[in-house]
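Read the structure below first, then the notes.
The values are calculated or read from the model by the stated rules, or taken from the named source; none is laboratory data. Here the structure is a predicted model, which means the values were calculated and not measured. Here Cβ is always computed from backbone atoms with ideal geometry, including for glycine, and neighbour counts include all displayed protein chains. In case anyone asks, the SASA skips ligands and DNA or RNA and just uses the protein heavy atoms, side chains included. Shrake-Rupley method; radii C 1.70, N 1.55, O 1.52, S 1.80 Å.
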Amino acid sequence: MVNSLYRDFLPSFIRTSGDTKLSSPCMSSMLKLIFEIRKLKTWAIRMIDAMAKPPSGILEGTLMDLGAYDECVNINVRSGRNGNGKKELFRGKYCLIEAKPPLPQKPEHVASNTLVINESLFDNNIFSEMSRSAHYFYYLTFMFGVCVPSTCNDEDVGEIVKNVESFLFSKTSVSSCHVKEPVRLSESQIAVICVLAIFGLLVVVGTILDLTKIYDIAPNAVRWIDNHKKTIQYFLAFSIYSNGKQLFDLTQRPGDVSALHGIRFITMTWIILCHTYAWAPLIGFRSLYNLRNSQEDLAFEVILNGWISVDTFFFLSGILVAYITLRRLTKSNGKMNFGLYLFHRYWRLTPPMMMAISLVILMEGLGSGPLWDLQVRDEAERCKKSWWSNLLYITNWRAYEQRCLSHLWYLCVDMQLHIISLLIVIPLFWKPVVGFVVIFLLVTGSNIAVGMITVINTYFPTMMHLAPDLVVNQKLERDIYWKPYGHLGPYCIGIITGYLLLHHRDVIIRPSGPSGEKWQIRGKEICVGCKAYGLINSILSWKIFLPLGRLTYSAYLFHYVIFWVRNGLQRERRNFSHFERSFDFFGYLTLTMALALCAYLLFEAPFAALEKLLFFQLRQQQDDVKTRLATEKSGLSFCHWKKSNAKTNIVLKKMSFTTEINNGHCGVGETQVNDNVNSIRTVFNNGHCGVGGIRVGDTDDSIWEYFANAIKIGSQRKHFFEINSTAKTFEVSQSQTLIPESSADSTELFSTRESTESTVQRSTETISFVKNSVTYENTTNIMPTKSIPELWLQAEKNSKELITSLYRSILPDLVRRSGEMKITDQCMSSLLKLIFGIKRLKSWSIRMIDSTAKMPSGFLEGTIMALGAYDECLNIKVLNRNEDKEAFRGKYCLIEGKLLLPEKPKRVSAKTFVINDSMFDSSSSQIDKF
């Protein structure tokens, strides 16, 4: 069989190799591979076995076959006749290839029912069906893995795959290549390890000192600790024992809004559930049509609308800002230290966030996989260049490709709103009417800004999850969703609620924010959609939510890492179903909370304790001094507001206890407020709950037609042929992550989009696009000799010619064998109908072949099962000629196969040989052992 394939393949290879510009080492290794396959050498067969094969279910949206990554990179070819020499010739090199079918210039907006290829061009066959889904390839690609000798560089691999572009009917590019090498840590990774080691040492020392003091292990050591108390207390801030005890303290103190802990944790689980669907690479699933169809389920609305939950947290932050800050201003007679107000927020958020960024940089070289570069390495490279923007909380204003850890946009917006809150809270304290006017102006201005940006850029009215126009979604995120003016409304409503809560504790408030959440506030209890009493309040106030709620900030920061590692280590396609996604969700949730526990004990809790040690006493002394000076000075000082008259608009009952309001992370304001006449301590610990952006996919025609400039479906085909006779497609590997470099610049976030006409006029220019920190030059002239419709028609013609050629070869043998098969007449009739349907490229017949299993990659590594496309097969329905009656349906059968083996010995161990490998050439002994 191999010799027969060589007779057909070798002349074509020699002819093609003359036109291929390969380096000499690569050409030498490729020739060695070809001739060693003929000899059935183990390493050569493994290299072929590791390559991707056409997957089953392509027509159902299975766009990826990764091959056998580990089998490829473990190949080591050495000198010598039997490959046991000392010199290494080359290794296996795994490369991930991307392929995209030719498409016309992307329309301004693309909906799920947009047609970019006219289906009437084809003869009612599989190409007609493919043309209806062609628009999805503006942001999706085919991906497959190949295994080549390591002597071939990336340019050589690109030259090799270009030779199969016409066969694949796609434009190909090399995404990434991997060779097995020893792990080499970079300077930045070594620095991260050193920082982690220092923190680990501080934790060990602090814990030992803490346990020694508490349990009086060594009297001399205890006396030494007491003598150096001021210094030792800084080490005790890192004690796992004390921080863990504080974390798991289930005491609910008077004044504690206990329901908030439940709200935080439940919302965090909602976020992780949404990201379980949203952050998995789409091409990593088999049968993407199942994912698309799942959006029609009512239960899936929980996922589609998950992105709006972020506004509830901005609402809660506004409540805490108003309540805490106004209460503090009242106690200090209008004096406020702006520096500490802002520094507290910065101190609490920044150290854990920087540790999350450091962990991403450290992970870069600690794993491998076909998708590792796309999922982990690219993000780590961005973090190396842009970490400082997170430190300054300006990441949400930078270009998309310059952002490190995109989910940290929430912290940037929250910090920016925290600064803006000073413009509201101070007037609200001195002149409430002026404060409400400021709120009205800010909310009105933000709504006008959002509306104008949406209309000018013709954005969707909401985030469109899984929409085929990913570029528009990214621009919508960049211009609205990741900006503070997009969330200023619910934040200001929260401030109003906090003000009223402080003044009117018995009033029930039901504010409705832009995202539609309903909240009720009565006294100190907050609940969603109902009064904070009864069953719901009991559930949300369950004590187990106290420690879980305190971990939500670290969980939000580090859950991204779990997703990245999972996706980067992926070796095989995943099956999409709600059950499997739910199963993954519980795994993500468990690992996220475990990692959050470590982060809380190592970074978050110690820095919170250090803040109290460093600044609490100083702030208390400053407050006492400035209170005495309050009656002597008036007006505005550098850091403090002070009333000119002694009468205050906000009257609080005199308290005989200390109220310490520790707002944690999600709330805003000063950490502690003290009456200095205290007997009871009340802790209002809100913690932090961020939320990522989950896009909402809504393909309703009424929404699409809402935009005046949208392309109407009814006139699109005619318009297509009018403008696309000269249209070209982008020469890029993944259009779904492409953003024009000019529009991605932070200085042009509000610029008016270019019209379709101007885009067509610039079709001959060279435009720079940025994808995952890699710049691609787009000449918009992918196939200059033919128009896009002509290319599709040529592909249809080539497919028919290929099938005709195969029929000439196999049909005589098939007819001869059919006479020997004992099958029913009905089955024979259906098989003949299938055979001739394939020749005419009928959709149902091609789907039947597509759903049939193919040889899996990694067979020599133990991959011995290929299930095909079960759902695609069962959904096939074939009508008779008149199409008024069902002829037959697809029938899925699972076939078992076994190698021919002698009778089983009494005992079989891992080293048992049942076939004598000396019977064969040593080149194939590895295969026979398997």
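For the range 203-275, carbon and sulfur atoms together expose 64% of the accessible surface, with a 1.4 angstrom probe and every protein chain in place. Between Val164 and Phe586, the contour length at 0.36 nm per residue exceeds the Cα-Cα span by 147.7 nm. Under the simplified labelling scheme, the Asn916-Leu342 pair shows an inter-label distance of 8.6 nm, with each label point 7 Å from Cα along Cα→Cβ. Expressed as a whole percent, the accessible area of the range 101-180 that falls on carbon and sulfur atoms is 53 (1.4 Å probe). Rolled with a 1.4 Å probe across the full set of protein chains, the surface gives Lys797 an accessible area near 110 Å². The range 52-93 and the range 229-279 have Cα centres spaced 47 Å apart.
Ligands, DNA and RNA excluded, the heavy atoms of Leu31 present near 70 Å² of accessible surface to a 1.4 Å solvent probe.
Can you send over the carbon and sulfur percentage of the accessible area for the range 852-905, probe radius 1.4 Å, protein chains only?
The value for the range 852-905 is 54 percent carbon and sulfur by accessible area.
Taking trypsin sites (Lys or Arg not before Pro) across the range 834-871, none is in a DSSP loop with at most 10 further Cβ atoms lying within 10 angstrom of its Cβ. Counting only protein chain heavy atoms and rolling a 1.4 Å probe, the accessible areas of Arg253, Arg223, Arg132 rank, largest first, as Arg223, Arg132, Arg253. Each of the peptides 186-197, 560-571 was scored by the mean count of other Cβ atoms within 10 Å over its residues; in descending order, highest first, they stand as 560-571, 186-197. Over what distance in Å are the Cα centres of the range 101-180 and the range 361-438 separated? Distance between centres, Cα-based: 35 Å. The protection proxy used here, the mean number of other Cβ atoms lying within 10 Å of each residue, ranks peptides 229-237, 893-901, 810-818, 86-94 as follows, highest first: 86-94, 229-237, 810-818, 893-901. Entry comment: accessible area of the range 399-446 is 34 Å² per residue, from protein heavy atoms only and a probe of 1.4 Å. Taking each of Lys162/Lys800; Lys93/Lys797; Lys854/Lys906; Lys39/Lys87; Lys39/Lys162; Lys106/Lys171 in turn, the alpha-carbon distance tops 24 angstrom for Lys93/Lys797; Lys854/Lys906; Lys39/Lys162.
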